[in-house]
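The values are calculated or read from the model by the stated rules, or taken from the named source; none is laboratory data. Values in this document were obtained by computation on a predicted structure and should not be read as measured data. So basically every Cβ, Gly included, is an ideal-geometry build from the backbone, and we count neighbours across all protein chains shown.
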């Protein structure tokens, strides 16, 4: 497939990926200025910026109907900020608020342990701009994982911090599995060679990573019921409102 | 948390220069955090980190006696003054 137009299924597949990246980036960004120490504040907002960059590159492919060349910020913003909530394809994990740093850190780890596998699946995509985006994203994911692992190496040792992190894991695991919940269009994307395989084929690798990291077996967790990413959690509306705050102040502003 | 001193260098030019310091729980996190605190905008290609406890420190009292040795300041000022004087004498 080249710049010849996206089928509805492929479009849905790309939006699910983009929406996850976008909301993960936005959620991380909420820690700017309030992360536990200055250096971590900078590192975490860099990671947030990377995720937003991934989202922008995916939205640009959708906005350009397969060819992101010449797609400008307004077209990306249209998808990122002005879409009707019913048209979003994000998963539960990235919609949930995180008011506790341990919670945000465990989600960061869980998300990036899966995201790396997700980019691998499209690294040889027949949709060339997607394969190109994967090259950049993969180079950044390596750092995201090292960052999350580095912190967990230190914090899973202390007894108080370990308790907090495992409580967060307990809370997050049922929704984390929603990451692998496919949109109905995924089959079409796989058939067209846009992705090498359905994302949930990576589930065993991911659960293995969770087990090695936390000593907890995610397959013992009852996942939140899959919904094909068709409806939004209660946490979505307030999140979208926060994201649209600046636009709401002045819809014509440019910066 | 430990405190690390950060040194950066551009490939092919300059020497390592002190860029600042940072707090991190261990060497691995120090590397990760230094990259995002000091190398966000390609400020260098190479990075050194030194645990502050490993620094060998000369304090102010140790250094102070050398502050009062003007004869070591080889700025040529005294010679310049003398030359100006000689030129004036020649002109007369």
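Scanning segment A:130-173 for residues that are surrounded by fewer than 14 Cβ atoms within 10 Å (Cβ to Cβ), within 23 Å of the chain's Cα centre (by Cα) and more than 14 Å from chain B (Cβ to nearest Cβ) yields A:135, A:170. Taking segment B:35-50 as the range and being closer than 26 Å to residue A:33 by Cα and more than 8 Å from chain A (Cβ to nearest Cβ) as the test, the residues that pass are B:38, B:39, B:41, B:42, B:43, B:44, B:47, B:49. Regarding segment A:35-49, can at least one residue be identified that is under 13 Å from the mean Cα position of the chain (by Cα), in contact (Cβ under 8 Å) with a residue 24 or more places away in the chain and surrounded by fewer than 19 Cβ atoms within 10 Å (Cβ to Cβ)? Checked segment A:35-49: at least one residue is under 13 Å from the mean Cα position of the chain (by Cα), in contact (Cβ under 8 Å) with a residue 24 or more places away in the chain and surrounded by fewer than 19 Cβ atoms within 10 Å (Cβ to Cβ).
Determine whether residue A:219 is in a helix (DSSP H, G or I) and within 29 Å of residue A:127 (Cβ to Cβ). Considered against the rule, which asks whether it is in a helix (DSSP H, G or I) and within 29 Å of residue A:127 (Cβ to Cβ), residue A:219 comes out as no. Total residues in segment B:21-30 satisfying the condition of being more than 7 Å from chain A (Cβ to nearest Cβ) and touching a helix residue (DSSP H, G or I) at 6+ places or on another chain (Cβ under 8 Å): the figure is 1. Here residue B:63 passes the criteria (1) in a helix (DSSP H, G or I); (2) modelled with pLDDT under 95; (3) within 12 Å of another protein chain (Cβ to nearest Cβ) except the one numbered (3). Listed conditions (1) touching a residue at least 40 places away in the same chain (Cβ under 8 Å); (2) surrounded by 15 or more Cβ atoms within 10 Å (Cβ to Cβ) are all met by residue A:203, apart from (1).
Summed over segment B:31-60, the residues that are in contact with a helix residue (DSSP H, G or I) (Cβ under 9 Å, 6 or more places away or on another chain) and outside any helix (DSSP H, G or I) give a count of 5.
Residues in segment A:58-94 that are crowded, with 21+ Cβ neighbours inside 10 Å and over 20 Å from residue A:247 (Cα atoms): 11 in all. Among the residues of segment A:84-97, are any within 16 Å of residue A:206 (Cα to Cα) and touching a residue at least 60 places away in the same chain (Cβ under 8 Å)? Yes.
Checked against the criterion of being assigned to a loop (DSSP other than H, G, I, E, B) and in contact with a helix residue (DSSP H, G or I) (Cβ under 6 Å, 6 or more places away or on another chain), segment A:33-43 contains one or more residues that satisfy it. Exactly one residue out of A:193, A:208 is over 19 Å from residue A:12 (Cα atoms) and surrounded by fewer than 16 Cβ atoms within 10 Å (Cβ to Cβ), and it is A:208.
A quick yes/no check of all residues on (1) surrounded by fewer than 10 Cβ atoms within 10 Å (Cβ to Cβ); (2) closer than 17 Å to residue A:40 by Cα; (3) in contact with a strand residue (DSSP E or B) (Cβ under 6 Å, 6 or more places away or on another chain); (4) modelled with pLDDT of 90 or more:
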| position | (1), (2), (3), (4) |
| --- | --- |
| B:20 | no, yes, yes, yes |
| B:33 | no, yes, yes, yes |
| B:46 | no, no, yes, yes |
| B:50 | no, no, yes, yes |
| B:56 | yes, no, no, yes |
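Just need a number here: residues in segment B:1-18 that are within 13 Å of another protein chain (Cβ to nearest Cβ) and either under 19 Å from the mean Cα position of the chain (by Cα) or modelled with pLDDT of 95 or more (or both). Final tally of qualifying residues: 4.
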